[in-house]
Amino acid sequence: MTEQAKYSDLLIVDGALSLDVGAQPNLTVTRKSIAQDVKHMLMESGLVTKLLAQRSATLRADVYTEMELLIETDTRLVPGTIELDVRSTKVIAITATTYEFGDLAAEVNYDTPTS
């Protein structure tokens, strides 16, 4: 592993804990850990749920702005580098730059229910 493991977290894949062949939890580190945190921050904020119910393009744009502002509260990210790319009505790609680990990417798919 070439990256320093300053940040680590349990790896979540498709809403479930990822386990290795020995049934032990897999870990995610540094940039991938931050990306996972950003994704979960959005899911837990309720903003993704607001998008599901919103049909107005103008009000959806307001929710996207709220999402960007929320992501900017993460002190590990460089302010002004957060970008949301709405790939479809159900998928948002997020890119940002971290202070220590370069660029990161995350994708929020809100077509499927999460728990």
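Just so it is clear, none of the values below were taken in a lab; they were calculated from the coordinates. None of the values given here were measured: they were computed from a predicted structure. Note that each Cβ is placed from the backbone with ideal geometry, even for glycine, and that neighbours are counted across all protein chains shown.
Just a yes or no: is a residue in segment 35-54 in contact with a Leu (Cβ under 7 Å, 6 or more places away or on another chain), closer than 17 Å to G102 by Cα and either surrounded by 15 or more Cβ atoms within 10 Å (Cβ to Cβ) or among the aliphatic types (A, V, I, L, M) (or both)?
yes
Those residues that are surrounded by 11 or more Cβ atoms within 10 Å (Cβ to Cβ) and over 13 Å from A106 (Cα atoms), I need them from segment 4-14; list them, please. Before you say what the answer is, go through the steps one by one.
First, pick out the residues of segment 4-14 that are surrounded by 11 or more Cβ atoms within 10 Å (Cβ to Cβ): 5-13.
Hits for segment 4-14 are A5, K6, Y7, S8, D9, L10, L11.
Looking at segment 45-92 only, could you name the residues that are free of Cβ contacts under 8 Å to residues at least 40 places away in the same chain, charged (D, E, K, R) and closer than 20 Å to L104 by Cα?
Across segment 45-92, the qualifying residues are E66, E68, E72, E83, D85, R87.
Looking at segment 24-34, which of the residues that are in contact (Cβ under 8 Å) with a residue 12 or more places away in the chain and surrounded by fewer than 18 Cβ atoms within 10 Å (Cβ to Cβ) is farthest from A106 (Cα to Cα)?
Step one: filter segment 24-34 for residues in contact (Cβ under 8 Å) with a residue 12 or more places away in the chain, giving 25-34.
Subsequent filtering for residues that are surrounded by fewer than 18 Cβ atoms within 10 Å (Cβ to Cβ) retains 25-27, 29.
Details: P25: 21, N26: 18, L27: 16, V29: 14 Å.
So, considering only residues that are in contact (Cβ under 8 Å) with a residue 12 or more places away in the chain and surrounded by fewer than 18 Cβ atoms within 10 Å (Cβ to Cβ), the one farthest from A106 (Cα to Cα) is P25.
Mind checking which residues of segment 67-113 are part of a loop (DSSP other than H, G, I, E, B), out of contact with any strand residue (DSSP E or B) (no Cβ under 6 Å at 6 or more places or on another chain) and exposed (fewer than 15 other Cβ atoms within 10 Å of the Cβ)? I'd like the intermediate steps shown before the answer.
Here is the first cut: in segment 67-113, the residues part of a loop (DSSP other than H, G, I, E, B) are 72-76, 78-82, 87-90, 99-101, 110-113.
Going one step further and asking which of them are out of contact with any strand residue (DSSP E or B) (no Cβ under 6 Å at 6 or more places or on another chain), we end up with 72-75, 79-80, 88-90, 99-101, 110-113.
The answer is T73, T75, P79, G80, S88, T89, K90, Y99, E100, D111, T112, P113.
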